[in-house]
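The next block holds one structure in the form of structure tokens; read it before the comments.
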Amino acid sequence: MNYRHAYHAGNFADVVKHLALLAVLLHLRKKASPFAVIDSHAGRGLYDLRGEAALRTGEAAAGIGRLLQQPAGLPPLLEYYLDVVRAAGDGRYPGSPWLAAHLLRDSDRLIAIEKHPEELAALADVLSVCAHTRAVAGDGYARLPGLLPPRERRGTILIDPPFEKDDEFARAAQTFAHCYSRFATGIYLLWFPLKTSAQAESFMAEILNCGVRKALRLDIEVAGAGDGEKSRLRKAGLVIVNPPFGFDAQMQEAGAALADRLGPDARLSLVWLAGEGL
């Protein structure tokens, strides 16, 4: 295992991804009917921002750290998000499984898939105190389609691989295609690093080729790298398939406030790929 999310937890890309997940979960909670949350690459669930990994990169300090330092005047979604982060404990950052687990109702479920034994053990420990959750061992690409459609016939699927291998854009797109063919009404969140425009456009095309009727792309960019930071991620994106009504406006408002706090060169953009805004 080369990729360790502990080095990147709480960075700008994490914050945007978790804001989007939170917005979706709050929407799903509006109806009484149960829903499922499935996380394909769950990680360890909870991260120590005072640990060696986080301190070495400083990414959390430049991400969630800046937001925590400027809490005044935030839109409701960002305020709620900060409440969730604070609930995880001082100096800790909640990953997607922790966030989802703490928004479940008694009728809802979380399935969190993790491949690497050390991360899986930590994830299982984090979720052991959370009802209606399950940490599952396995490769997220392989395990995810078999879990669909969920028995609730309602829910959200987060596809968030590490993108440490050259074929991961292709694997993520192929996995989505398989999942969408089994559960076309689910709300999908697909995270990706924005390395080249051509790579991102190809990824978008593969997703749309599945017959998706409603999809939104969200990009976040922060300041350019300095001399010692050229390998650090500066751009990331999300594709949201079947975003709930009002999601774009909610994320635009929250994203603008977040970008203001991340720095003068931070930018967030939303573009409809299919459906509502076209």
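Side notes on the structure shown:
- Residue match in the stretch 177-185 (condition: under 17 Å from A42 (Cβ atoms), out of contact with any Ser or Thr (no Cβ under 7 Å at 6 or more places or on another chain) and crowded, with 16+ Cβ neighbours inside 10 Å): yes
- Subset tally (residues that are touching a residue at least 40 places away in the same chain (Cβ under 8 Å) and basic (K, R)) for the stretch 119-146: 1
- Taking residues in the stretch 147-170 that are over 19 Å from L103 (Cα atoms) and modelled with pLDDT under 95, and partners anywhere that are part of a strand (DSSP E or B) and of a type in the set (A, V, I, L, M), not one pair has Cβ atoms closer than 6 Å while being at least 6 places apart or on different chains.
- Any chance D90 is without any contact (Cβ under 8 Å) to a residue 24 or more places away in the chain and either in a loop (DSSP other than H, G, I, E, B) or under 14 Å from L25 (Cβ atoms) (or both): yes
- H18 under 20 Å from the mean Cα position of the chain (by Cα), under 20 Å from I113 (Cβ atoms), at pLDDT 95 or above and assigned to a loop (DSSP other than H, G, I, E, B): no
- Looking only at the stretch 98-133, residues that are over 18 Å from the mean Cα position of the chain (by Cα), outside any helix (DSSP H, G or I) and surrounded by fewer than 23 Cβ atoms within 10 Å (Cβ to Cβ) come to 9 in all.
- Residue among A200, A173 that alone is over 24 Å from L25 (Cβ atoms), touching a Gly at 6+ places or on another chain (Cβ under 8 Å), crowded, with 17+ Cβ neighbours inside 10 Å and of a type in the set (A, V, I, L, M): A200
- Test: residue in the stretch 70-86 that is charged (D, E, K, R), part of a helix (DSSP H, G or I) and either crowded, with 18+ Cβ neighbours inside 10 Å or touching a strand residue (DSSP E or B) at 6+ places or on another chain (Cβ under 9 Å) (or both): no
- If the condition is being touching a residue at least 24 places away in the same chain (Cβ under 8 Å), more than 21 Å from L144 (Cβ to Cβ) and assigned to a helix (DSSP H, G or I), then the stretch 174-201 contributes Q199, A200.
- One residue stands out in the stretch 42-69 among those that are surrounded by 16 or more Cβ atoms within 10 Å (Cβ to Cβ) and among the charged types (D, E, K, R): the one that is nearest to L19 (Cα to Cα), namely R66.
The values are calculated or read from the model by the stated rules, or taken from the named source; none is laboratory data. Just so it is clear, the structure is predicted and the values come from calculations on it, not from any experiment. Cβ atoms come from the backbone with ideal geometry, glycine included; neighbour counts cover every protein chain shown.
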